[in-house]
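Undergrad: Just passing along the structure, written as structure tokens.
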Amino acid sequence: MKKRIKIALLDLYNNEPNLGIGNIEEILVDIHGSINNIPVDYRIYNTRGKEEIPSIDNDIFISSGGPGSPFDGIGKTWEAKYFSLLDEIWNHNQNSSEKKYAFFICHSFQLMARFFEFAEVSKRHSRSFGIFPVHKTSAADNDFILSQMPDPFYAADFRSWQVTSPGEPAIKELGVEILALEKIRPHVEYARAVMAVKIGDEIYGVQFHPEADPEGMKYHYRQESRRQNIITDIGEKKYDYIMEQLEDPQKVELTYQTILPTFLGNAIANLSINN
């Protein structure tokens, strides 16, 4: 009998309503049995809200986006447990041929950068809210995920924080590859944020939301109260632009269909070899 792959989904939304967890669940349901007929079991851990942390016995870890500052957890039990898990995953992969896989999204990506200390984490000059181009680096040409994406590709990007200024010593020591940077902004002098990294093929982090489902986003943003709130925040012109971008199957839809499913497919295929 084939081993069931165990996936831990770490919910970092701190009990706030969101689309992210449900979207990731849909991807996990779709991938169940689709790779070499391998069955998949997953469990959600309310990491910030209830200090729930999965054990290292899981095969794949997906850590979600979330609200607030990536420094909010300093001195709190949940962050200490979270970083302890990251340390376990890292140490396991250094000492075992049977790897653990981890994927970090947005807020979690900022925490990942803090933990590995490969770049600076800071507040953005202004909030990023919308659908934006993401530019690949030359390293992405050989990446098993981003080599499938155009340059630039488009992603849902909602954040007030950023990961910038990667440090060369840490990059070399850890083997971090910078795969993508944020949109080019020639009219401002701010550093371009790092948008995607990987450490080997097992640990992957992205600043954007690859789980963003354009159909769900359209439904969500057309609710009158949300629509009015968004227009108040960013203006009707930008709101209309977001809704227009969501209609293009080569933008957010392509990102949704490619990035996280490819990561999971690769992980499950590699794990099945050891079944």
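Undergrad: Quick one: work out the % antiparallel among DSSP beta bridges in the chain, nearest 5. Walk me through the numbers on the way to the answer.
TA: Working: 23 of 42 bridges.
Around 55 percent antiparallel, to the nearest 5.
Undergrad: Still on this structure, please answer the following. Accessible area per residue, 1.4 Å probe, Å², for the chain: what's the number? Mind dumping the intermediate values first?
TA: On the way: 12620 Å² over 275 residues.
On a per-residue basis, the chain sits at 46 Å².
Undergrad: Just to confirm the number: angle between the C-alpha axis of helix 77-95 and the first principal axis of the chain, 0 to 90 degrees, nearest 10?
TA: 50
Undergrad: While we're here: How many percent of the accessible area of the stretch 87-132 is carbon or sulfur, using a 1.4 Å probe?
TA: 37
Undergrad: If you don't mind, there's one more thing I want to ask. So what is the calculated 222 nm ellipticity per residue for the chain, using -39500 (n - 2.57) for each DSSP H run with n of 4 or more, over all residues, to the nearest 500 deg cm²/dmol?
TA: -11500 deg cm²/dmol
Undergrad: Could you tell me which of N14, I184, N266 has its Cα farthest along the dipole of the chain towards the positive end, charges placed at Cβ (Lys, Arg +1; Asp, Glu -1), taken about the Cα centre?
TA: N14
Undergrad: Still on this structure: Beta carbons within 10 angstrom, averaged per residue: use that to sort the peptides 67-74, 91-98, 190-197, 206-213, highest first.
TA: 206-213, 190-197, 67-74, 91-98
Undergrad: Tilt of helix 107-116 relative to the longest C-alpha principal axis of the chain, in degrees (0 to 90, nearest 10)?
TA: 50
Undergrad: Another question, if that's okay. What's the ranking of 141-150, 176-185 by average number of surrounding C-beta atoms within 10 Å, highest first?
TA: Going by the mean number of other Cβ atoms within 10 Å, highest first, we get 176-185, 141-150.
Undergrad: As I understand it, the value is the acute angle between the Cα axis of helix 252-273 and the longest principal axis of the Cα atoms of the chain; what does it come to in degrees, rounded to 10?
TA: Helix 252-273 sits roughly 0 degrees off the main axis of the chain.
Undergrad: Can you pull the percent of the stretch 160-234's accessible area that's carbon plus sulfur, 1.4 Å probe, other chains left in place?
TA: Looking at the stretch 160-234 in its full context, I get 48 percent from C and S.
Undergrad: Roughly speaking, what is the stretch gain from E52 to E16, that is 0.36 nm per residue apart minus the C-alpha to C-alpha distance, in nm to one decimal?
TA: Result for the pair: 11.4 nm of gain on full extension.
The values are calculated or read from the model by the stated rules, or taken from the named source; none is laboratory data. All of these numbers come straight from a predicted model, not from anything done at the bench. Positions of Cβ are generated from backbone atoms using ideal geometry, with glycine treated the same way; all protein chains shown enter the neighbour counts. Keep in mind that these areas ignore ligands, DNA and RNA; they rest on the heavy atoms of the full protein, side chains included. Shrake-Rupley method; radii C 1.70, N 1.55, O 1.52, S 1.80 Å.
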